[in-house]
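Computed from the coordinates by the stated procedures, all read-outs in this text should not be read as laboratory data. Just so you know, these numbers come straight off a predicted model, no measurement behind them. FYI the Cβ positions are ideal-geometry reconstructions off the backbone, even for glycines, and counts take in every protein chain you see.
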Amino acid sequence: MALSYSNLLNAARLDQIETYIGASPYLKVYEGVAPLDVTVALGAQLIILDTQLAQAAGGLGDWMEPATNARPSQKVKKGVWSGIVHANAGVGKAATFFRITTSGGVAAIQGSCGQGTGDLQFDNATLATGQTVTVNTFTISSAN
């Protein structure tokens, strides 16, 4: 028999993700092949976007909506997550993966990204230097 959690316990488990990462995490977006997992050091991947989520979400220090009894298996992004593409990104770069790190740079979450696809979805398929890019959707799910 598989483990089963109450809605409130499942919501509390999800809320611990935000607590662990902290109030001032960064969203870092890259092109290229993603490492096998978040603990693997990055090689030559070009960083396209590097923005502090607490600022992107309105400076609240709260970057994810709380999981609730009504939505116990999901946490969704809070506010508007946007940032400006780095000057070294060039023209027409395709973002392929992201990491959310602590304010100290410790990688905590890694996933795929793109326009209309991936774990984190943007408003544009390709990104150019100086362009403002906005995250349309980001959801963390947990089975109950």
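Using the beta-carbon distance between L46 and V80 and R0 = 41 Å, what value does 1/(1 + (r/R0)^6) give for FRET efficiency, to the nearest 0.05? Show your work: numbers first, answer last.
Numbers: r = 25 Å, r/R0 = 0.60.
Using R0 = 41 Å, I get an efficiency of 0.95.
Packing, taken as the mean count of other beta carbons within 10 Å per residue, orders the peptides 123-134, 63-74 from highest to lowest as 63-74, 123-134. Here the range 1-53 is described by how far its Cα atoms reach on the three principal axes: 43, 30, 14 Å, from widest to narrowest. Within the shell defined by Cβ-Cβ distances under 13 Å, the residues around N10 carry a net charge of +2, with Lys and Arg each +1 and Asp and Glu each -1. Rounded to the nearest whole Hz, the Karplus-based 3J(HN,Hα) values (6.51 cos²θ - 1.76 cosθ + 1.60, θ = phi - 60°) of the range 104-110 follow the sequence x, x, 7, 5, 10, 9, 9, with x at glycine and proline. Overall, the range 7-141 carries a charge dipole of about 60 debye about its Cα centre when +1 sits on the Cβ of Lys and Arg and -1 on the Cβ of Asp and Glu, all other atoms neutral.
Diagonalising the gyration tensor over the Cα atoms of the range 7-141 and scaling each eigenvalue by 5 before taking the square root yields semi-axes of 25, 15, 14 Å, largest first.
The angle separating the long axis of helix 7-21 from the principal Cα axis of greatest extent in the chain is about 40 degrees. Sorting the segments 100-106, 24-30 by their residues' average number of neighbouring beta-carbon atoms within 10 angstrom, most packed first, yields 24-30, 100-106.
Amide H contacts of I109 (H built 1.01 Å from N, in plane; Pro and chain starts excluded): I100 sit under 5 Å, all sequence-distant by 5 or more or on other chains.
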